[in-house]
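Below is one structure, written out as C-alpha cells; the observations come after it.
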Amino acid sequence: MDKKIYRDKVVIKKRLFLIFIGLTFLFTALIGRLSYIMIKKSPEYENMAIEQWTSEVKIDAKRGRILDRNGNELAVSANVYRVDLDLNTLRQTMDTNKLSVQEVSDRLSKVLDMESQDIVKIINKKLPNGIPYGSATLKRRIEKPMADKVSALKIRGVIVSADTKRYYPNNNFLAHVLGHTNSDGKGLTGVEMMYDSILSGKPGRRISEMDSGRSSELPYVISEFTKPEDGKDVVLTIDEMVQHFCEKAADQALKDNNAKNVSIMAMDPNTGEILALVNKPDYNPNDPWVEGKTSDELQAMWRNRAVNDTFEPGSIFKVVTAATALSENSVSDSDRFVCGGATKIGKNTIHCWKSGGHGSQSFPDILKNSCNVGFIELGKKIGKEKLNDYIEKFGFGKKTGVDLPGEAKGIIKKTSSITEVDLATISFGQTNTVSMVQYMAAFNAVANGGKWIRPHVLKELAHYDEENGKEITDKKFDNYGEKEILDSNKMSTLRGYLEKVVSEGGGGNAFIEGYHIGGKTGTAKKVLNGRYGDGMYISSFVGMAPADKPKITVFVSVDEPDASGPSGYYASQTAAPAAKQVFDDIFNYMAFNSDESSGELADSLKRDVIIPEVRGLKKNEAQKILKDNKLDYKIESNGEYVTDINPKPGYTVKEGAKVVLYTKDTSNYNKVVVVPNVKGCTVQRASQMLNSIGLKLQYTGSGLVNDQNKKPGEEVTKGTTVFVKLEEMAD
C-alpha cells in the first residue's frame with residue numbers, strides 16, 4: 001500500500017476518533033445539563049412557569065371577635081378593601097397600552113394616597129434570582145370610596161378585593177387586656193397576641209390559569225379554590241359593666257392623687273375569672289402607633305403593668321403572713337404583741353408606721369392596726385422555713401400561667417439566704433417582689449377557703465352559626481390548675497379579721513355602710529436600681545366581699561401618688577377610696593341583676609340605711625324620701641303632715657325595711673332623734689350623716705372617726721352636738 005494513502009487513512013481515523021470523543025463529550029454534557037435542568041432545577045422552573053401563567057389570590061380568613069362574658073363585642077373585624085397587583089398581567093397591560101411603570105404608579109398614587117416612587121419599587125420588585133415577582137400587595141384596609149376610585153382606573157392587573165380591619169368599638173376600654181394587631185392583622189399584644197392562632201383562622205386561596213394576552217381565566221381550566229376557615233370568637237371572663245366601674249375609678253384615682261399609674265383588677269375568687277383589669281394611663285388600640293413616640297415609649301404605653309411589672313407589696317403581704325401563722329398554729333387570739341413604735345434586729349432598728357407605737361395588742365389587732373412590730377414578732381414565731389414554704393404554696397416567685405403575655409415571676413429570697421433582718425422585713429411585705437395578678441391568685445385562696453386557682457381571661461371559644469343565628473360554644477376554659485393550700489375554717493377566721501381592718505382599721509376609707517368588706521391596705525417604697533426611691537411609693541388596697549363568703553375580690557394599686565397632695569401617699573387615703581368606689585358600683589350592679597333576690601348573696605349585700613328625718617313634711621314628700629332610700633312604709637291615720645315615725649330618725653335598718661308614719665293636720669312634731677354610728681367614717685361623711693337628722697358635729701384630731709361621745713342608738717333632741725375623736729389610719 002502506498003505510504004501516503006496509509007498515512008491519510010490513519011489521520012482520518014484519528015480525526016474521526018477525536019470527533020467521536022468530542023461528540024460523546026458534548027452529548028454527555030448535554031445529557032448532564034438536561035438532567036440538571038429536568039431534575040435539579042425542575043421545581044424552580046416549574047414554579048417560575050406557574051408564576052407566569054397562573055394568578056394566585058390569597059383569601060384572608062375573617063378574624064374572630066373578642067366578646068365579654070355577656071356577648072358584648074370588644075373587638076371586631078370591619079369590612080374594608082385591599083389592592084393587590086397581578087404583576088404578570090400588569091406588565092402585559094403596560095406593553096399593550098404602551099404605559100410606563102412611572103405612569104401607572106402616578107395614577108395609582110393619586111387615589112391611594114401613596115408616594116409614586118413607593119409604588120414603582122413594588123412593581124419592579126424581583127426575586128433573589130432576578131426574576132420579577134408575579135404578584136404583590138399594594139395597600140390593605142382601605143375604605144370603600146378609595147376602593148371605588150382604584151376600580152374606576154380600570155387598569156388590568158390591579159385587583160380590588162374584600163379585606164377586614166380590626167376595630168375596637170370602645171376605643172381605650174380594656175386596652176391592655178385586648179391588645180392590638182399589626183397592619184397584617186397579626187396580634188402583637190394582649191389577647192390578640194395570646195390567642196392569635198385561634199382568632200386568625202386559616203387563609204384560603206384561589207389559583208387560576210390565565211390567558212396571557214387577555215388576562216382572563218381560560219374557559220376550559222378549572223380553578224383551584226381553598227375556602228378560608230374563619231377564626232373563632234374568643235369569649236372573655238371580663239364583665240363589661242364591672243370593667244366600666246374599674247375604668248372610671250382608675251381615672252378618678254389617677255387624677256385625685258396626681259399619680260404616675262393606677263391599676264385595678266376585679267376577680268371572682270371561686271373560679272379565677274378576671275372580671276375587670278385596667279391600667280391608667282392606657283392607649284387606643286385603634287391607633288396604637290402614636291405619632292412622635294419612640295419605640296421604647298410605645299412599648300411602655302402598651303405594657304400591661306398588672307401582669308408584666310413586680311413591686312414590693314408592703315403591708316398587703318401581711319395577709320400571707322397571717323394566713324401562714326394560722327395554718328401552722330403559730331399564733332392564737334390570746335397571744336399579745338407589744339409595739340413601742342420600733343424594734344431592734346441585730347444592729348438594725350425597724351420602725352412601725354405609727355411612731356408612738358400601738359401598745360399591747362392581740363393577733364387580730366396587729367392585722368387591724370397593720371403593726372410592723374407585731375408582724376416582725378409573728379415572723380419569728382413562724383420561722384423562715386415555714387414562711388418560705390407557704391410563700392411557695394401561694395405561688396410567689398413563679399408565673400401563675402395567666403393567659404396574657406409577658407407575665408413576670410417576681411423575686412423571692414431563698415430560705416438559705418434569709419437573715420434575721422430579712423425575716424423581719426419579709427413578714428411585713430418588704431424584700432420580696434410580686435405582681436398584681438400573682439398576689440390576687442394568693443389572696444383569692446384566702447377568699448375562697450383555701451384553693452389556689454389560676455387567674456384567666458378566657459371563658460370559652462365559640463363561633464357564630466349563621467344558619468341558626470346563635471353563638472355556638474366550641475371549648476370552655478379548663479386550665480384551672482386548682483390545688484388546696486389552706487384550711488377553710490382558718491381562712492374563715494382570717495376573713496373575719498380582715499373585715500375588721502375595713503370596719504375599724506386602716507381600710508376604713510373602703511368601708512360602705514351595710515356591706516361586709518374584708519381587706520388590707522399597703523404602702524411600700526418603690527425600688528429603683530436596687531435602692532428605695534426618695535419619696536416614691538406604691539399604695540395598694542386589696543379587698544373581698546361579702547367577707548363571709550366572697551363573690552368578688554378587688555385590687556387597687558396607685559403608683560407614685562403625690563406625697564404633697566391632699567391625700568398624701570398612704571394607701572388608706574389613696575387606694576382605699578378608689579376601692580370603695582368600685583365596690584359601691586359593683587354592689588349596686590349585682591343587686592339589680594342578680595336572680596338571687598332573696599338568697600344569700602342579696603341578703604349579705606343589702607345596704608344599711610339610716611332612717612331619714614321626714615317629720616314635719618307633708619305625706620307625699622315623706623313618701624318620696626323613703627322611696628329614694630329604698631324603704632317601705634305604712635301610714636297610720638289620715639293627717640296631712642307626718643308628726644312621728646317608728647323607728648326614729650337615726651336608727652339603722654336594712655334596705656326594704658318597713659317604717660310606720662304617724663300623721664296629723666299640724667306640722668308640729670317630737671324633736672327626738674337617735675344618734676347613728678359614725679365610727680370609722682371620714683369627718684365629711686360623719687358630718688353628713690349627723691346633719692341629715694338635725695345633729696351637729698365637732699371633732700378633734702385627724703383621720704377617721706375613732707370614738708364618739710354620744711353612743712349609737714342613744715336618743716337625743718335635734719340640735720345636739722356630737723363630739724368625735726379622729727385618729728390617723730395609715731399604711
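The values are calculated or read from the model by the stated rules, or taken from the named source; none is laboratory data. Just so it is clear, the model here is predicted, and its values are computed rather than measured. For neighbour counting, all protein chains shown are included, and Cβ atoms are generated from backbone atoms with ideal geometry for every residue, glycine included. What goes into the accessible areas is simple: the full protein's heavy atoms, side chains included, and nothing from ligands, DNA or RNA. Shrake-Rupley method; radii C 1.70, N 1.55, O 1.52, S 1.80 Å.
Structure notes:
- 0 to 90° range, to nearest 10: angle between helix 240-256 axis and the chain longest Cα axis: 70 degrees
- Rounded, prolate or oblate (a/c below 1.5 giving rounded, otherwise prolate when a/b exceeds b/c) for region 628-709 by Cα gyration tensor: prolate
- Straight-line reach from Lys13: taking Cα to Cα under 21 Å and skipping same-chain neighbours fewer than 8 places apart, the lysines in range are Lys3, Lys4.
- Distance between the modelled labels on Asp707 and Asp644, one decimal in nanometres: 3.6 nm (7 Å Cα→Cβ projection).
- Restricting attention to region 641-700, the count of lysine pairs at 8 or more positions apart or across chains with alpha carbons under 22 Å apart stands at 9.
- Carbon plus sulfur fraction of accessible area for region 509-567, probe 1.4 Å, in percent: 46 percent
- Accessible area per residue in Å² at 1.4 Å probe, computed on the chain: 49 Å²
- Annotation: amide H-H contacts under 5 Å for Thr137 (H modelled 1.01 Å from N, sequence separation of 5 or more, or interchain): Leu85.
- From most to least packed by mean Cβ count within 10 Å, the peptides 275-281, 531-537 give 275-281, 531-537.
- Listed pairs Lys344/Lys549; Lys344/Lys580; Lys380/Lys490; Lys62/Lys459 exceeding 29 Å between Cα atoms: Lys344/Lys549; Lys344/Lys580
- Both radii were evaluated on the Cα set of the chain; the Rg over Rh quotient, with Rh as the Kirkwood radius, amounts to 1.20.
- Straight-distance crosslink candidates among aspartates and glutamates, where the alpha carbon sits under 12 Å from Lys627 and sequence neighbours closer than 8 are dropped: Glu655
- What separates the Cα centres of region 11-43 and region 224-277 is a distance of 73 Å.
- Protection proxy ranking of 475-482, 369-376 - average other beta-carbon atoms within 10 Å, highest first: 369-376, 475-482
- Cβ-Cβ distance of Met301 and His351, R₀ of 45 Å, FRET efficiency by 1/(1 + (r/R0)^6): the value works out to about 0.75.
- Ellipticity estimate at 222 nm from DSSP helix runs (n ≥ 4, -39,500 (n - 2.57)) divided over the chain, nearest 500: -10000 deg cm²/dmol
- Positive-end residue of Met241, Pro712, Leu112, charge dipole of the chain with Cβ unit charges: Leu112
- Remark: the chain carries a charge dipole of roughly 2420 debye about the Cα centre, counting +1 on each Lys and Arg Cβ and -1 on each Asp and Glu Cβ.
- Entries of Lys399/Lys525; Lys318/Lys711; Lys634/Lys725; Lys165/Lys470 with Cα pairs more than 31 Å apart: Lys318/Lys711; Lys634/Lys725
- For Lys459, distant residues with modelled amide H under 5 Å away: Val235, Leu236, Thr237
- Angle between the chain longest axis and helix 488-504 axis [Cα atoms, degrees, rounded to 10]: 70 degrees
- Sorted peptide list for 438-444, 286-292, 408-414, criterion being average Cβ within 10 angstrom, highest first: 438-444, 408-414, 286-292
- Once the Cβ-Cβ distance of Asn182 and Ser109 is raised to the sixth power relative to R0 = 25 Å, the FRET efficiency obtained is 0.60.
- The share of accessible area on region 224-336 that comes from carbon and sulfur is 44 percent, using a 1.4 angstrom probe.
- Taken over region 423-501, the percentage of Cα pairs per 10 Å bin, counting from 0 up to the bin with the maximum distance, is 15, 29, 29, 14, 10, 3, 0.
- Once backbone amide H atoms are built at 1.01 Å from N, Glu229 has Lys202, Gly204 as its partners under 5 Å, excluding neighbours fewer than 5 places away on the same chain.
- Spacing of the modelled spin labels on Ser42 and Glu420, each 7 Å from Cα toward Cβ, amounts to 8.4 nm.
- Straight-line cross-link reach from Lys144 at under 19 Å between alpha-carbon atoms covers these aspartates and glutamates, not counting any fewer than eight positions away in the same chain: Asp60, Asp84, Asp113, Asp163, Asp184.
- Separation of region 613-680 and region 300-327, taken as the distance between their Cα centroids, equals 47 angstrom.
- Computed label-point distance, nm, for sites Gln117 and Ile472 using a 7 Å Cα→Cβ extension: 5.4 nm
- Of all beta bridges that DSSP places with both ends in the chain, some 90 percent have antiparallel geometry.
- J(HN,Hα) series, region 37-43, from Karplus relation 6.51 cos²θ - 1.76 cosθ + 1.60, nearest Hz, glycine and proline x: 5, 6, 9, 6, 8, 3, x
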